[in-house]
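**Q** If you scroll down you'll find the structure; I have some questions about it.
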Number of protein chains: 2
Amino acid sequence: MNYDSYELLENTLRLGGYSVTKQRRLVFELLLKHEPQAMHELYERSIGRLDRASLYRIIALFERLGIVQKLSMGWKYKLELSDMFTGHHHHITCLKCGRVIPIKEDLSIERFITSIAQKHRVSAVKHQLEIQGYCNSCREHDHPLTV
Amino acid sequence: MNYDSYELLENTLRLGGYSVTKQRRLVFELLLKHEPQAMHELYERSIGRLDRASLYRIIALFERLGIVQKLSMGWKYKLELSDMFTGHHHHITCLKCGRVIPIKEDLSIERFITSIAQKHRVSAVKHQLEIQGYCNSCREHDHPLTV
DNA sequence: TATTTATTTGCAAATTTGTTGCAATTTTAT
DNA sequence: ATAAAATTGCAACAAATTTGCAAATAAATA
């Protein structure tokens, strides 16, 4: 489906000195298809084709190589392809249905990050803004918008 | 040490219909003393004075009552007293030493959140910005500032 | 392409993290 | 001080994550 992504995956693996295996391709495919998902979702989707231990090892490797990033959702986390594949973005999570809405408009955030990092004499490597609330359709049911 | 905080704790518990026990006071004290810490750190600090199951129950209660908030640090989480005690703030985490620096200057962030929420027709309940990088002293050693 | 070498996988067992039921203890209300 | 209600500790359980190692697969070489 997405030639460029697969090429990027394979090059990244090879450059790091790792092999391209069918299990690694599978995990990548699942991430490409379903975007932010929990470890157990990823595991369920791969059942029969991949062992749990290997899944954890592959995710750890992908993380080290910057192929995957862990997205904190409250105190749990989900996995998604890194900015390398998707472009940098932030997220809004619906507290009711769990839907994750990606947000791209981060111009002012970037400025904010830069100035904060400077002020605290920190070299910022990455940042992530997480907003939690109720999405349009969930709000209509139980949480009539009062603001 | 901090009379007001303890009073606030006790009132919050009582108002919710819960008792003030020495275990709950202990957990609160530890949170007051060491700020953002992982569950296992909290547990280790309380060993001999508190059972693991009770610790989890107390944290769950504190969370329900808004006394404590879970702070996602990458894909793990740490616990800290809620905004009710500390005021709303964000964090910078050092990728080397793990130090957590609280940041308070969130004027532009708040504006950003509001406009984003409006655009996506989401009612935002809470938000958290997490910056990861290298703090001043860690950077000086291994990561000379190039920017 | 066949073979050798190096890497990766699956499996089983271990560890770590979080949860639950219930009797004993502590707190609160009387 | 006592009774009633809430909370704790304990032990067992369940879920999430990690590890060692032999078997299988991918990469390198001939």
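The values are calculated or read from the model by the stated rules, or taken from the named source; none is laboratory data. Note that this is a predicted model, so its numbers are computed, not measured. Here Cβ is always computed from backbone atoms with ideal geometry, including for glycine, and neighbour counts include all displayed protein chains. Ligands, DNA and RNA are stripped out before the accessible areas are found, and what is left, the full protein with its side chains, is counted by its heavy atoms. Shrake-Rupley method; radii C 1.70, N 1.55, O 1.52, S 1.80 Å.
**Q** Might you let me know whether the range A:39-46 holds any residue that is in contact with a Pro (Cβ under 9 Å, 6 or more places away or on another chain) and either open to solvent by 80 Å² or more (accessible area, probe 1.4 Å) or under 30 Å from B:HIS120 (Cα atoms) (or both)?
**A** Initial filter on the range A:39-46 (in contact with a Pro (Cβ under 9 Å, 6 or more places away or on another chain)): none.
So far as the range A:39-46 goes, no, none of its residues is in contact with a Pro (Cβ under 9 Å, 6 or more places away or on another chain) and either open to solvent by 80 Å² or more (accessible area, probe 1.4 Å) or under 30 Å from B:HIS120 (Cα atoms) (or both).
**Q** Within the range A:87-99, can you find the residues that are closer than 20 Å to B:ILE131 by Cα and either modelled with pLDDT under 90 or assigned to a strand (DSSP E or B) (or both)? Full working, then the answer.
**A** Filtering the range A:87-99 for residues closer than 20 Å to B:ILE131 by Cα gives A:87-93.
The answer is A:HIS90, A:HIS91, A:ILE92, A:THR93.
**Q** Let me ask another. Scanning for something among the β-branched types (Val, Ile, Thr), more than 18 Å from the chain's Cα centre (by Cα), farther than 15 Å from A:LYS78 by Cβ and open to solvent by 40 Å² or more (accessible area, probe 1.4 Å), does the range A:12-20 turn up at least one residue?
**A** Keep residues of the range A:12-20 that are among the β-branched types (Val, Ile, Thr), which gives A:12, A:20.
Keeping just the survivors that are more than 18 Å from the chain's Cα centre (by Cα) gives A:20.
This time we only want the ones that are farther than 15 Å from A:LYS78 by Cβ, so: A:20.
Those left that are additionally open to solvent by 40 Å² or more (accessible area, probe 1.4 Å): none.
No: zero hits.
**Q** Considering B:GLY98, B:GLY66, which residue is touching a helix residue (DSSP H, G or I) at 6+ places or on another chain (Cβ under 8 Å), more than 9 Å from chain A (Cβ to nearest Cβ) and at positive phi?
**A** Working: B:GLY98 fails: touching a helix residue (DSSP H, G or I) at 6+ places or on another chain (Cβ under 8 Å).
After ruling out the rest, the residue left standing is B:GLY66.
**Q** What residue, among those in the range B:117-133 that are free of Cβ contacts under 8 Å to residues at least 40 places away in the same chain and among the β-branched types (Val, Ile, Thr), is farthest from A:LEU129 (Cα to Cα)? Quick ask: steps written out before the conclusion?
**A** So in the range B:117-133, the residues free of Cβ contacts under 8 Å to residues at least 40 places away in the same chain come out as B:117-127, B:129.
Narrowing the set further to residues that are among the β-branched types (Val, Ile, Thr) leaves B:122, B:125.
Values: B:VAL122: 15, B:VAL125: 14 Å.
Only one residue tops the list, namely B:VAL122.
**Q** What tally of residues in the range B:105-133 results from selecting those that are within 7 Å of chain A (Cβ to nearest Cβ) and either over 19 Å from A:GLY74 (Cβ atoms) or not in a helix (DSSP H, G or I) (or both)? Spell out how you get there, then give the answer.
**A** Start the filter on the range B:105-133 by keeping residues that are within 7 Å of chain A (Cβ to nearest Cβ), which leaves B:105, B:108-109, B:112-113, B:116-117, B:120-133.
Within this subset, residues satisfying the condition of being either over 19 Å from A:GLY74 (Cβ atoms) or not in a helix (DSSP H, G or I) (or both) are B:105, B:108, B:112, B:120-133.
Count: 17.
**Q** Another question about this same structure. For the subset of the range B:80-95 comprising residues that are of a type outside the set (A, V, I, L, M, F, W, C) and facing chain A (nearest Cβ under 10 Å), which member is farthest from A:GLU110 (Cα to Cα)? Can you show your working first?
**A** Step one: list which residues in the range B:80-95 are of a type outside the set (A, V, I, L, M, F, W, C), which gives B:80, B:82-83, B:86-91, B:93.
Of the ones still in play, those that are also facing chain A (nearest Cβ under 10 Å) are B:90, B:93.
Numbers: B:HIS90: 15, B:THR93: 17 Å.
Among them, the one singled out is B:THR93.
**Q** Could you list, in sequence order, all residues of the range A:134-147 that are surrounded by 17 or more Cβ atoms within 10 Å (Cβ to Cβ) and either facing another protein chain (nearest Cβ under 7 Å) or at pLDDT 90 or above (or both)? Please lay out each step first, then the result.
**A** So in the range A:134-147, the residues surrounded by 17 or more Cβ atoms within 10 Å (Cβ to Cβ) come out as A:134-135, A:138-139.
Scanning the range A:134-147 gives A:TYR134, A:CYS135, A:ARG139.
**Q** Can you tell me which of (1) within 13 Å of DNA strand C (Cβ to nearest atom); (2) within 14 Å of another protein chain (Cβ to nearest Cβ) is the one A:LYS22 doesn't meet?
**A** (2)
**Q** Quick one: count up the residues across the range A:106-121 that are among the charged types (D, E, K, R) and at pLDDT below 90. Talk me through it step by step, then tell me what you get.
**A** So the first thing to find is which residues in the range A:106-121 are among the charged types (D, E, K, R), and the list is A:106, A:110-111, A:119, A:121.
Then keep just the ones that are at pLDDT below 90; that gives A:106, A:110-111.
The total comes to 3.
**Q** Is it the case that the range B:72-79 has a residue that's more than 14 Å from chain A (Cβ to nearest Cβ), outside any loop (DSSP other than H, G, I, E, B), open to solvent by 50 Å² or more (accessible area, probe 1.4 Å) and out of contact with any Leu (no Cβ under 8 Å at 6 or more places or on another chain)? Talk me through it step by step, then tell me what you get.
**A** Filtering the range B:72-79 down to residues more than 14 Å from chain A (Cβ to nearest Cβ) leaves none.
So far as the range B:72-79 goes, no, none of its residues is more than 14 Å from chain A (Cβ to nearest Cβ), outside any loop (DSSP other than H, G, I, E, B), open to solvent by 50 Å² or more (accessible area, probe 1.4 Å) and out of contact with any Leu (no Cβ under 8 Å at 6 or more places or on another chain).
Yes/no per residue for (1) closer than 14 Å to A:SER5 by Cβ; (2) hydrophobic (A, V, I, L, M, F, W, C):
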residue: A:LEU30; (1), (2): yes, yes
residue: A:LYS33; (1), (2): yes, no
residue: A:MET39; (1), (2): no, yes
residue: A:LYS78; (1), (2): no, no
residue: A:GLY87; (1), (2): yes, no
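**Q** Being more than 14 Å from chain A (Cβ to nearest Cβ) and surrounded by fewer than 17 Cβ atoms within 10 Å (Cβ to Cβ) is the filter; apply it to the range B:47-59 and report the residue that is nearest to DNA strand C (Cβ to nearest atom).
**A** Filtering the range B:47-59 down to residues more than 14 Å from chain A (Cβ to nearest Cβ) leaves B:47-55, B:57-58.
Now narrow it down to the ones that are surrounded by fewer than 17 Cβ atoms within 10 Å (Cβ to Cβ): B:47-49, B:51-54, B:57.
On the way: B:ILE47: 13, B:GLY48: 14, B:ARG49: 12, B:ASP51: 8, B:ARG52: 5, B:ALA53: 3, B:SER54: 8, B:ARG57: 6 Å.
Looking at the filtered set, the residue picked out is B:ALA53.
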